[in-house]
Amino acid sequence: MTLEIPETIKVYSQFFHPILMWVLFAITLYALYLGIQIQRTRNADKAERKALIQKNFNTKHYKVGSALLALMVLGCIGGMAITYINNGKLFVGPHLLAGLGMTGIIATSAALVPFMQKGNTFARYSHIALNVTLVGLFGWQAFTGIEILQRIISKM
């Protein structure tokens, strides 16, 4: 017995991945903002630092980053699954490869957090460099994804 997915679900499932990724891109920009605020707090004078600490940027950044890690990994797997379900294959190209790279980058960045919590400066700067790279790739992915989405819509 094989499970056959109804055609309407197959067709409309193709829009879940791009919608999720655009939402995650916006959340990624918010995480970047929070990270910048953490750095600003770290470099502030004593009086300003006290006021900035009250805003809990580090806790918010950690929570948003954790959610991003989970949702980005699931979004990557989901995008590949939906592509395979609808086409019987994956299209190996820059969009897929960059997306897989982004998944590796966010996992590596998150793995640095325990070292950062112990004050490891190299881990912090590596985390920042990886995440700046991630934001750049994510922006590029968003626009290449629009091209893919336009192709899907034109075939409907």
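The values are calculated or read from the model by the stated rules, or taken from the named source; none is laboratory data. None of these values were measured; they are calculated from a predicted model. Positions of Cβ are generated from backbone atoms using ideal geometry, with glycine treated the same way; all protein chains shown enter the neighbour counts. Side chains included, ligands, DNA and RNA excluded: accessible areas come from the protein's heavy atoms. Shrake-Rupley method; radii C 1.70, N 1.55, O 1.52, S 1.80 Å.
Structural remarks
- Selection from the range 35-63 of residues that are of a type in the set (A, V, I, L, M, F, W, C) and in a helix (DSSP H, G or I): Ile36, Ile38, Ala47, Ala51, Leu52, Ile53, Phe57
- Counted residues, the range 109-122 - those being among the polar types (S, T, N, Q) and loosely packed, with under 14 Cβ neighbours inside 10 Å: 2
- Considering the conditions (1) small (Gly, Ala, Ser); (2) under 19 Å from Leu32 (Cβ atoms); (3) open to solvent by less than 50 Å² (accessible area, probe 1.4 Å), Gly78 is excluded by exactly one of them, (2).
- Residues that are charged (D, E, K, R) and surrounded by fewer than 16 Cβ atoms within 10 Å (Cβ to Cβ) occur at least once in the range 57-67.
- Odd one out for Pro94, checked against (1) open to solvent by 80 Å² or more (accessible area, probe 1.4 Å); (2) under 17 Å from Phe25 (Cα atoms): (2)
- Test: residue in the range 85-102 that is within 14 Å of the chain's Cα centre (by Cα) and closer than 30 Å to Asn43 by Cα: yes
- Only helices (runs of 4 or more DSSP H) whose full extent lies in the range 66-156 are considered here, and the ones with at least 3 residues that are out of contact with any helix residue (DSSP H, G or I) (no Cβ under 8 Å at 6 or more places or on another chain) and either free of Cβ contacts under 8 Å to residues at least 40 places away in the same chain or not hydrophobic (A, V, I, L, M, F, W, C) (or both) are 94-111, 121-154.
- Subset of the range 1-23 (residues that are under 16 Å from Ile85 (Cα atoms) and outside any helix (DSSP H, G or I)): Thr2, Leu3, Glu4, Ile5, Pro6, Gln14, Phe15
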